[in-house]
Structures are given as C-alpha cells and as structure tokens.
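The values are calculated or read from the model by the stated rules, or taken from the named source; none is laboratory data. Everything numeric here is computed off the predicted structure, so don't read it as measured data. Reconstructed Cβ throughout: ideal geometry from the backbone, glycine too, with neighbour counts over all protein chains shown. Accessible surface is based on the protein model in full, side chains and every heavy atom, while ligands, DNA and RNA are left aside. Shrake-Rupley method; radii C 1.70, N 1.55, O 1.52, S 1.80 Å.
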Amino acid sequence: MPKESFREKIGNIIFDADTKAGKAFDVILFIAILLSVIVVLLDSVVSVHDSLGELFYILEWAFTIIFTIEYILRIYTAKKPIKYIFSFYGIIDLLAILPSYLSIFLTGSHYLVVIRILRLLRVFRVLKLVRFIGAAN
C-alpha cells in the first residue's frame, strides 16, 4: 500500500468524518462556526458593541483567518478543485469570508456583515444535514 501524501492526509481529515481526526476537525469547525455567528449577532446589539466592539473585531478577524485557511485547504485537497469552488458549499465558504476582506478595500462594506450569517449554513455540512436545507429555508 503506497504511503499517503500530505495532501491526501489533510483531505481525509477535512472530507472524511469517519476517522477520529475527521470527527475532531468537524467538532472544532462546528464550534468555530457557532462562535463566529454568536460574535456577529452580539456585535449587532449597539450596547454590546459599544463595550466589546474591539474584542469582536479581533475575534471576527481570527475566525476569518481560520475559515480562510480551511477554504484554501479544501481547494488544495479537493480531487476537483474547480468543481469544489463552484459548488454550493464552495460558494458559501467564499461568501462567509469575503465581507471581512472587502471591508479592507471598500468603505461602507460593514453592511455586508449580514452575509457572514451564511456561516451558519456551513453547520449543515458539518452535521451532514444537507437533506434538511430545504426545510430550513
């Protein structure tokens, strides 16, 4: 049996939830998604934003960096990267990180924060509940 390459090992962790490492990856990703959604929601409350806005900004960028690394690794390890990029979840993954990067270049793009809630859709992938997406809409 040939030895697994680094790319294959990472791909198995990311795409295969049947392994111990894959399950751990999914749990960590699930927690990160939920925490990032909570941060976005709390940051939208004016009184909370006034007292914790700077912390939320730092956390939002930390989550954006984590999700960017995950997105890049998914592209890198996908058997057909272009197919992943243009898949439903590939587009959701991109839209979940794009507002943060757009905020660097475009003034007023903070209104795109609502798009970050799309990260919640990623929970369906983690929980393998794709068949319930229609009902959730």
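Excluding residues fewer than 8 places away in the same chain, name every one of the lysines whose C-alpha is closer than 18 Å to that of Lys23.
Lys9, Lys128
Counting only protein chains, not ligands or nucleic acids, how are Val37, Val45 ordered by accessible area (probe 1.4 Å), most first?
The most accessible residue leads, giving Val45, Val37.
Just grab the label-to-label distance for Ile28 and Leu73, each label 7 Å out from Cα along the Cβ direction, in nm (one decimal).
The answer from the label model is 0.6 nm.
To the nearest whole percent, what portion of all C-alpha pairs in the range 2-71 is separated by more than 15 angstrom?
So the portion of pairs separated by more than 15 Å is 62 percent.
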